[in-house]
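Q: Before anything else, here's the structure in question.
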Amino acid sequence: MTAFSLDTGQIAWCAELRTLAAEHLRPLADKGEPGHVNRPLVAGLGRLGLLSRLFTSGALDLCLMRESLAQVSTEAETALALQGLGAHPVHAYGTAAQREHWLPRVADGTAVAAFALSEPGAGSDAAALALRADEDGTGGGSGGWRLTGEKCWISNAPAADFYTVFARTAPDAGARGVTAFLVPADRPGLTGTPLDMLSPHPIGALAFDAVPVTVDDVLGEPGQGFRVAMNTLNLFRPSVGAFAVGMAQAALDATLAHTTRRQAFGGPLKDLQTVAHRVAEMALRTEAARLMVYAAAAAYDEGAPDVPRRAAMAKLLATETAQYVVDAAVQLHGARALRRGHLLEHLYREVRAPRIYEGASEVQRTVIAKELYRAAAQCPEAADRPRGAGSA
């Protein structure tokens, strides 16, 4: 099963991706300004055909792309992932007109996409969205709305060309009262400001001052926006784990090289048992996380019923593992890893955010527990079944 063993073609493709990232993408990333959309880098991803693969590949291929790019250039990985996250709802739920207008531009890197779900008061609790979509009749009497409120912590904001926006069309209806909209950045009343964050990729806040939208801007069906959001996150959560695994592998590779050549206490660091055991633990956790990510992605591609649980487990384990591995790598490198510009200094800043975005680790645990209890309630006899006389 490919969830646990990649075939030779997949292994070769991953190696090719790392080469492309090193030769073509990292130079573009190095020229970018931290915290800002790097349009030459996005265009480079388009020229290499990687952005178009976002709409033709399955979840496992998406994970392989993100993991491979992250090992070489986290900036390239993030630029690819944000295009996919922002545009996937258009690909999966958009009208023919929406798809024809935006997806070719996303694929060639000339349009930057963004996924606008989080709000100042509704981050982890996505069902508590407060951005209002008030009916005003601009869409022919019953299909027009005005968006009023705020979005915050939005990747690629405020420089994106369009946003997948989730707004409340039915007050006091919880998750059932949310609608997804495709909102071009040039709509009147839509403004944004960048936020200066620990991680170097672009993040901003958006303000909606009676921004007009119509039925032609709806993604999916009115009132079904929460489903659009959750189905998108079920696809991308394992690939967030793949991003984390890529960072963990980069930190592990750097540690293997450093502890082999660094001399201390009469020999290379790798000969110290405490160092060797720490490196073994780093490798063990990285591989375990990788396998869980691949398994979750394969489950998504197969249409398995337990995708929400698997996706949450994969993101949780991989992001927590990456935090451990990068921290351990910094410790084994010593002060040099804290110097600005060092690979591990960069990874140390990058690795913290994935434990929060697209559902914090605590949210993933809640999802896992909820799915486990739901499954148990559907098969109550399993818990009450008496042990057989011959059971051990």
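Q: What ranking do R66, R227 get, fewest neighbouring Cβ atoms within 10 angstrom at the top?
A: By the 10 Å Cβ count, ascending: R227, R66.
Q: Is the shape of the chain rounded, prolate or oblate, going by the alpha carbon gyration tensor and its root eigenvalues a ≥ b ≥ c, with a/c under 1.5 for rounded and a/b larger than b/c for prolate?
A: On the way: a/c = 1.95, a/b = 1.33, b/c = 1.47.
It comes out oblate by the Cα gyration axes.
Q: How do K370, K315, K31, K151 rank when sorted from fewest to most other Cβ atoms within 10 Å of their own Cβ?
A: K31, K370, K151, K315
Q: While we're looking at this one, here's another question. From the square roots a ≥ b ≥ c of the eigenvalues of the alpha-carbon gyration tensor of segment 212-281, which class results: rounded (a/c under 1.5), prolate (a/b over b/c), or oblate? Numbers along the way, then the final one.
A: Values: a/c = 7.93, a/b = 4.62, b/c = 1.72.
Prolate, since a/c reaches 1.5 and a/b exceeds b/c.
Q: What percent of all Cα-Cα pairs in segment 113-222 falls into each 5 Å bin, going from 0 up to the bin containing the maximum distance?
A: 3, 13, 24, 26, 18, 10, 4, 1, 0, 0
Q: Identify, among A133, F166, L372, the residue whose Cα sits farthest towards the positive end of the charge dipole of the chain, taking +1 on the Cβ of Lys and Arg and -1 on the Cβ of Asp and Glu, with the dipole about the Cα centre.
A: L372
Q: Further, regarding this structure: What nm value, rounded to one decimal, do you get for the distance between V215 and D125 when each label is placed 7 Å out toward the C-beta?
A: Label-label distance for V215 and D125, simple model: 3.4 nm.
Q: Same structure again: Quick one: Cα centre-to-centre distance for segment 173-223 and segment 316-330, in angstrom?
A: 32 Å
Q: Which order do the peptides 14-24, 100-110 take when ranked by the mean count of other beta-carbon atoms within 10 Å per residue, highest first?
A: Most protected by this proxy first, the peptides run 100-110, 14-24.
Q: Okay, next question. Antiparallel versus total DSSP beta bridges in the chain: what percent is that, nearest 5?
A: 85 percent
Q: What is the order of S57, S5, fewest Cβ neighbours within 10 Å to most?
A: Going from sparsest to densest Cβ surroundings: S5, S57.
Q: Please state the charge dipole magnitude for the chain, taken about the Cα centre, from unit charges on C-beta atoms (+1 on K and R, -1 on D and E), reported in debye and rounded to the nearest 20.
A: 1000 debye
Q: Another one. Could you grab the relative contact order for the chain? Cα pairs under 8 Å, six or more apart, rounded to a whole percent.
A: Contact order relative to length: 16 percent.
Read-outs throughout are calculated quantities, based only on the coordinates presented, and are distinct from any laboratory measurement. Because the structure is predicted, anything quoted here is derived from the model rather than measured. Here the Cβ is made from the backbone with ideal geometry for all residues, glycine too, and neighbour counts use every protein chain on show.
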